[in-house]
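J.: Structure provided below as structure tokens; questions to follow.
The values are calculated or read from the model by the stated rules, or taken from the named source; none is laboratory data. Everything quoted here is computed from the prediction, not taken from an experiment. Glycine gets a Cβ as well: all are built from the backbone with ideal geometry, and neighbour counts include every protein chain shown.
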Amino acid sequence: MRGSIQVGFAEKMEIQVNLVSDLLDLASVLSSDDSPSAAESPAESMKSDGRLIPQIVVPVDQLHKINLEGQVKLGELRLVYNTLKNIEIDARLQDGNLTVTQLQATAREGQFNAQFLAAADGDRIVTNGKLQGKDVVFGKEDTKVEKISVPRQDFQLEFVTSGATIRELAANLNGYAGLRGGAGRLQNSVALGLYGNFFAELISTVNPFVTRKPYTNISCFVAYADIVDGVATINPGGVMQTEMLNIFSRGQIDLKTERIDLRFDTAARSGIGISLSDFVNPFVGITGTLSNPSLGVDPGNAMFEGGFAYATGGLSIIFKGLFNRWLTSDDPCARLEEKALKNLQKRQAEIGKEVAEQQQLVTDK
């Protein structure tokens, strides 16, 4: 590592950092022989009130203690499970306002880029930001596992929020998120073991073929969500097409109450020759909370007219015809993206206005 660090000991400490490194290997520093059970799990940390999102106070006062300018460039950063390359960070903390104008990196597969602003406003923090990923492959790198053409993903997230705690920031969140993935192959045993028993049960219920075949061939997957005052609505929905199935999802997650109301519909692709007996559970719902989700099966499709429609403000009824068309479409991903485009442009304009108002507040202060 080479570069410079300058510190000025005035009434408020002034720090300037400019560092460059061709290789920074933190794998051995971050790895530990301690048993994972020794560390506090998320379930343990939220036992006090049963909530998953923690009621942690944001250290707003720390933003006022120093002024900082930093530029860091790393050719390669080795972590325990992954390696990042071409990392560039450009950040400035001045009079309680933190601005990250550039945060980018190239992962094992794909590139990330982010910008965000965080500013003190009394005992609260106001913040907004953008995160984008291109051709990203999620999951840890394992050279022992057979190399498979895992689907690459593009994603985007833009948000604006304020609050004094992590929970308030989640409850006040506004923004949108989009995810688009291309064709590829997933190893079913890895997918089932990736996120724990509940998600393994969900995956095998929505797609019964994951327990019968070693791989799932994916044609595409797309999902969009609006976030309004802490309520994330999958709008117009999410869809995945495999070699056998079209799987559609929609619903809401309320970050204030942590209530979940999600639904998955499955339909056989035309010409595949799958019988109805292969679909034991064509309609699957997730209810409950983030910390205690519950999986339900609805083979009679009663969720359309009942509690699910009520929980989602009628969205399930409004889009019922669209869902049926997407489920039976030869290219459901393209149809969903076409439907999502106008909504996405509208949300971008709305969030852009909120971001401009927030930045004006910071400028005035």
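J.: P54 passes all but one of (1) modelled with pLDDT under 85; (2) within 26 Å of the chain's Cα centre (by Cα); which number fails?
T.: (1)
Rundown of residues vs (1) of a type in the set (F, W, Y); (2) in contact with a Leu (Cβ under 8 Å, 6 or more places away or on another chain), yes/no style:
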{"residue": "N172", "(1), (2)": "no, no"}
{"residue": "Y176", "(1), (2)": "yes, yes"}
{"residue": "R180", "(1), (2)": "no, no"}
{"residue": "A200", "(1), (2)": "no, yes"}
{"residue": "T216", "(1), (2)": "no, yes"}
{"residue": "I227", "(1), (2)": "no, yes"}
{"residue": "L245", "(1), (2)": "no, no"}
{"residue": "T257", "(1), (2)": "no, no"}
{"residue": "A267", "(1), (2)": "no, yes"}
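J.: Considering only residues that are among the β-branched types (V, I, T) and within 30 Å of A349 (Cα to Cα), look in region 201-232 and name the one that is surrounded by the fewest Cβ atoms within 10 Å (Cβ to Cβ). Outline the logic, then answer.
T.: Going through region 201-232, the residues among the β-branched types (V, I, T) turn out to be 203, 205-206, 210-211, 216, 218, 222, 227-228, 231.
When the remaining residues are screened for being within 30 Å of A349 (Cα to Cα), the result is 222, 227-228, 231.
Working: V222: 22, I227: 24, V228: 14, V231: 18.
Ranking the candidates gives V228 first.
J.: Taking into account only those residues within region 133-157 that are aliphatic (A, V, I, L, M) and over 20 Å from A114 (Cβ atoms), which is modelled with the highest pLDDT? Let's see the steps before the verdict.
T.: Going residue by residue through region 133-157, those that are aliphatic (A, V, I, L, M) are 136-137, 145, 148, 150, 157.
Among the residues that remain, those that are also over 20 Å from A114 (Cβ atoms) are: 145, 148, 150.
Numbers: V145: 44, I148: 54, V150: 75.
That would be V150.
This table checks each residue for (1) within 18 Å of the chain's Cα centre (by Cα); (2) among the charged types (D, E, K, R); (3) at positive phi; (4) modelled with pLDDT under 85.
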site: V206; (1), (2), (3), (4): no, no, no, yes
site: N217; (1), (2), (3), (4): no, no, no, no
site: A223; (1), (2), (3), (4): yes, no, no, no
site: V228; (1), (2), (3), (4): yes, no, no, no
site: V231; (1), (2), (3), (4): yes, no, no, no
site: I234; (1), (2), (3), (4): yes, no, no, no
site: G238; (1), (2), (3), (4): yes, no, no, no
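J.: G70 - would you say it is at pLDDT below 95 and either small (G, A, S) or farther than 29 Å from D254 by Cα (or both)? Give the steps one after another, and end with the answer.
T.: Numbers: at pLDDT below 95: no; either small (G, A, S) or farther than 29 Å from D254 by Cα (or both): yes.
Spelling it out, it is not the case that G70 is at pLDDT below 95 and either small (G, A, S) or farther than 29 Å from D254 by Cα (or both).
J.: Does region 194-221 hold any residues that are in contact with a Gly (Cβ under 7 Å, 6 or more places away or on another chain) and part of a strand (DSSP E or B), and which are they?
T.: Within region 194-221, I218, C220, F221 meet the criteria.
J.: Do you know which residues across region 5-44 are touching a Leu at 6+ places or on another chain (Cβ under 9 Å) and modelled with pLDDT under 85? Break it down stepwise before answering.
T.: If we filter region 5-44 for residues that are touching a Leu at 6+ places or on another chain (Cβ under 9 Å), which is where we start, we get 5, 13-17, 19-27, 30, 42-43.
L30, P42, A43 - these are the residues of region 5-44 that are touching a Leu at 6+ places or on another chain (Cβ under 9 Å) and modelled with pLDDT under 85.
J.: Looking only at region 69-82, how many residues end up being surrounded by 16 or more Cβ atoms within 10 Å (Cβ to Cβ) and either over 24 Å from the mean Cα position of the chain (by Cα) or free of Cβ contacts under 8 Å to residues at least 24 places away in the same chain (or both)?
T.: The qualifying residues number 4.
J.: Suppose we filter region 151-165 for residues that are assigned to a loop (DSSP other than H, G, I, E, B) and not hydrophobic (A, V, I, L, M, F, W, C); how many remain?
T.: As a first pass, look at region 151-165 and keep what is assigned to a loop (DSSP other than H, G, I, E, B): 151-152, 164.
Then drop every residue that is not not hydrophobic (A, V, I, L, M, F, W, C), which leaves 151-152.
Of the residues in that region, 2 qualify.
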